[in-house]
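Here the structure comes first, spelled out in structure tokens, and everything after it is commentary.
The values are calculated or read from the model by the stated rules, or taken from the named source; none is laboratory data. Note that the structure is a prediction, hence the values are computed from the model and not measured. Reconstructed Cβ throughout: ideal geometry from the backbone, glycine too, with neighbour counts over all protein chains shown. Just so you know, the surface numbers come from the protein's heavy atoms only, side chains and all, with ligands and any DNA or RNA stripped out. Shrake-Rupley method; radii C 1.70, N 1.55, O 1.52, S 1.80 Å.
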2 protein chains.
Amino acid sequence: MSTDLTDLFTRAVSEIITEDELRARLKLGRPLRLKLGMDPSRPNLHVGHAVGLRKLRAFQELGHTIVLIVGDWTAQIGDPSGRDESRQVITHEVVRANAQTYMDQFFLIMDKDKTEVRWQTEWYGSFSLADVFNLSSRFTLADMLAHETFRRRWDEGHPVSIMELMYPLLQGYDSVVVKADVEFGGTDQKFNNLAGRQLQASLGLPPQSVFLWPLLVGLDGRKMSKSFGNTIDLTDPPGEMYGKVMSTADAVLLEYFVAATDVPMPEIDEMRLSMARGGVNPRDLKMRLGREIVCMFHGAAAAQAAQEEFVRIFQRRELPSDMPTVALTVPTPLVDLLLATNLAASKSEARRLIAQGGVEIAGEKVSDAQAVVPAQDGLVIQVGKRRFLRVAAG
Amino acid sequence: MSTDLTDLFTRAVSEIITEDELRARLKLGRPLRLKLGMDPSRPNLHVGHAVGLRKLRAFQELGHTIVLIVGDWTAQIGDPSGRDESRQVITHEVVRANAQTYMDQFFLIMDKDKTEVRWQTEWYGSFSLADVFNLSSRFTLADMLAHETFRRRWDEGHPVSIMELMYPLLQGYDSVVVKADVEFGGTDQKFNNLAGRQLQASLGLPPQSVFLWPLLVGLDGRKMSKSFGNTIDLTDPPGEMYGKVMSTADAVLLEYFVAATDVPMPEIDEMRLSMARGGVNPRDLKMRLGREIVCMFHGAAAAQAAQEEFVRIFQRRELPSDMPTVALTVPTPLVDLLLATNLAASKSEARRLIAQGGVEIAGEKVSDAQAVVPAQDGLVIQVGKRRFLRVAAG
């Protein structure tokens, strides 16, 4: 984690409200209380989350305290930010289980000793109707419809439940309870975080600063998000993590270096120049990126092994050293085999894969959907670029 | 109170949602639970309220139970219906005192034995945030902005607090708690009452019917309302009550007979015909109306006395038999005297009254704002039509 002050304020930063205010706070000479809200309805962390957590880790290393809010109450509403539909309410039991998963992954990056974990139940478990009045009287409908998400859904005639309007209020009140100096979040949290700032001011407390980081682009070019299935997860095994990095678009390569690695900025600037004048193959930079990211979560040896495995399979077109095996005693229709070994989800998907030229037997593309696989020991079937199956004669 | 079924469904009725449903309920053969919400932020009842209470009294006489909800929690929000501004929050203490005043007046009309009084604190005192979630998830922003009051304020850019959106929800939940069969209210309560109906249905309960009565016109032609200062209050003394009736516009006379008295409909229809062909002086009908209304709250003798007093003063231009006295030892400027005896709120108002010809001394209009009143025993000063002052030489 770079704790260089210039990096801290410029690298992987989207907006600071306000930067002067935050710089002044850092000079107070006491550990600041840096709030991060956890949404336990989405428990699995990906590299996009890591962008923010690495930023927080840098602040921890400067001596500040992270206050992690387990949003066990707000999760029952579901963060409306960026959502087109009201979300299904999830139960408190599911929330608690998810929160544990989240924290297991959170402390892969964060220093547990400099983290204060607070569950919303501590204050919302005994929240009264009078408390709800006090909160809700401090915000107007106009405040809420300034939220881009609410406004868009309202303008388009989609339902916004009154309960959803409570979300920013409750998240804001968390800041009051934990006496947050700064709230951190991705750019999609701007409205919620400003609600906390507004509420603190309305109650005569020093309003928190707001620190927003950029949302990382996912494998398909959209925002990295579990619901798009385009994430690189922190718990992905090394080979899969490396392979996913290799599948990102060349155009977002440098953005990943800046936000998700500790490669020094001058080096990244040099990469940018090299790419611009065609002096480097983006694939080679991407291999460096893959190593950096795998190393961060699995260590240098795993990163090296992942790279070697990747090169063996995709660049030299060698077979992986290890692959699943299926025992055949009689010749078997290819479609049935793909289905039985989960290489296709249905017979029709299997036929489509074959028709698209995505299936090879012994290195030869199969074009006939009626093809039959002989019960021949050592025969290799390949589906797409990265899935293999070896036949064992039974 | 007329319990004639035709009168019940047609006289002083604005809308029934739905009439068929209510008629079916009345045939259930059990006492119905008829809900009325009290707004204890406006504790004084006027003849406009009596229109509704007399309707409820008729239902009581048919054997049904009135469930009076003391809105001690919703009053802390203030009913947004028909209001152009967010209202100042009032304290629980004020609410409780006002509720007592309201009930003292309520039971001038209603049968206490067939009334169940329920305070919202019974259920909202222990309302949790989870309960708020459950309620607020069942209503959308679009539901709320269908409320004419919210919609107008929103369209005109006036603030609507999120707390105010809770009002219809809480009033609706009252119906769930008390198992209301029918909710009663003035036409301005339509939105709130339908919220109760919607909520019951959303929870799988039989949705309440809604019975709305017309809002009576006040002394100045606007809706009768404390905030317009145009009310005939149930606690007005007989003379004042009678005088106020006499000051209503001829055009609303029959509306008062229909909604606020038990004069049989055929008689009222006859009055309508007589007025149309000029066969009756509206003043005479108004005197009948004054007697009917005063009789209802003060008895027949008081009604007769009020009428006689009114005739003495205004029709025969006699002085009232009793009037306040001021002791003068020296000649005193008229303006100072009006101010000292509260006949004017300020010197400038006193001068304006004089300039408008509204002040007489010994039966003669005063036109000079510098006029001085002699310290002459028995001298009568009259301000407007109905305020008098007698000078006593000190």
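Quick notes
- Taking amide H atoms as placed 1.01 Å from N in the peptide plane, the amide H of B:Ala392 lies under 5 Å from those of B:Val326, B:Ala327, B:Leu328, B:Gly378, each 5 or more residues away in sequence or on another chain.
- Inter-copy label distances at A:Thr121 (7 Å, Cα→Cβ; nm, one decimal): 3.1
- Shape summary of the stretch B:231-375, radius of gyration then Dmax from alpha carbon positions: 19.4, 61 Å.
- Less than 5 angstrom separates the built amide H of A:Trp119 from those of A:Val70, all sequence-distant by 5 or more or on a different chain.
- Excluding ligands, DNA and RNA and using a 1.4 Å probe, chains A and B jointly bury around 2600 Å² of accessible surface, summed across both partners.
- With respect to chain B, whose longest principal axis is taken over its alpha-carbon atoms, helix B:190-202 is tilted by about 20°.
- Each residue of the stretch A:128-139 was assigned a 3J(HN,Hα) from its phi angle through the Karplus curve 6.51 cos²θ - 1.76 cosθ + 1.60 (θ = phi - 60°); the sequence is 9, 5, 4, 5, 4, 4, 4, 5, 6, 6, 8, 10 Hz, with glycine and proline shown as x.
- Solvent-accessible heavy-atom area per residue, rounded to whole Å², over the stretch A:21-178 at 1.4 Å: 37 Å²
- Its residue count N fixes a reference of 2.2 N^0.38 Å for the protein assembly as shown, and the Cα radius of gyration divided by that reference is 1.42.
- Label geometry 7 Å along the beta-carbon vector: A:Ser247 inter-copy distances in nm: 8.3
- Both radii come from the Cα set of chain A: Rg as radius of gyration, Rh as Kirkwood radius; their ratio Rg/Rh reads 1.05.
- The distance from the alpha carbon centre of the stretch B:117-187 to that of the stretch A:309-374 is 61 Å, rounded to a whole number.
- Most mobile listed residue (A:Ile17, A:Ile361, A:Ile66) in chain A, GNM with C-alpha springs under 10 Å: A:Ile361
- Contact order relative to length of chain A, as percent, for alpha carbon pairs under 8 angstrom and 6 or more apart: 14 percent
- With every protein chain in place, chain B: carbon and sulfur % of accessible area (1.4 Å): 51 percent
- Checking the Cα-Cα distances for B:Lys112/B:Lys286; B:Lys286/B:Lys365; A:Lys286/A:Lys347; A:Lys244/A:Lys347; A:Lys223/A:Lys244 against a 24 Å cut-off, the pairs over it are B:Lys112/B:Lys286; B:Lys286/B:Lys365; A:Lys286/A:Lys347; A:Lys244/A:Lys347.
- Cα centroid of the stretch A:5-38 to Cα centroid of the stretch A:245-295, whole Å: 27 Å
- Nearest chain A C-beta to the A/B rotation axis, reported as residue and distance in angstrom, is A:Val132, 3.
- DSSP-defined beta bridges in the protein assembly as shown - what % are antiparallel, rounded to 5: 45 percent
- 3J(HN,Hα) along the stretch A:215-225: 7, 6, 6, x, 4, 9, x, 8, 3, 5, 7 Hz, from the Karplus curve 6.51 cos²θ - 1.76 cosθ + 1.60 with θ = phi - 60°, whole Hz, x for Gly and Pro.
- Of all DSSP beta bridges confined to chain A, the antiparallel ones make up roughly 40%.
- Ordered by 1.4 Å accessible area with all protein chains kept, B:Val67, A:Val326 run largest first as A:Val326, B:Val67.
- The shape of the stretch A:35-193 comes out prolate: with a ≥ b ≥ c from the C-alpha gyration tensor, a/c is at least 1.5 and a/b beats b/c.
- Of the peptides A:182-195, A:159-172, A:343-356, B:272-285, the ranking by mean beta-carbon count within 10 Å, highest at the top, reads A:159-172, A:182-195, A:343-356, B:272-285.
- Annotation: amide H-H contacts under 5 Å for A:Ala344 (H modelled 1.01 Å from N, sequence separation of 5 or more, or interchain): A:Leu339.
- Between A:Arg23 and A:Thr187, the simple spin-label model (points 7 angstrom out along Cα→Cβ) gives 2.3 nm.
- Label point of B:Glu349 (7 Å along Cα→beta-carbon): distances to the other copies' equivalent points are 8.3 nm, sorted ascending.
- ³J(HN,Hα) computed for each position of the stretch B:156-168 - Karplus, 6.51 cos²θ - 1.76 cosθ + 1.60, integer Hz, glycine/proline x: 8, x, 8, x, 10, 7, 4, 4, 4, 5, 6, 4, x
- Förster radius 30 Å - calculated FRET efficiency between A:Ala130 and A:Ala201 (Cβ-Cβ, nearest 0.05): 0.90
- The residues of the stretch B:265-309 expose on average 54 square angstrom of accessible surface per residue, using a 1.4 Å probe on protein heavy atoms.
- Computed on the stretch B:12-77, the Cα convex hull volume stands at 109 Å³ per residue.
- At least 50 Å² accessible surface lost relative to isolated chain, residues of the stretch B:138-168 (1.4 Å probe): B:Leu141, B:Trp154, B:Ile162, B:Met163
- Probe 1.4 Å - accessible area at B:Thr6, Å² to nearest ten: 90 Å²
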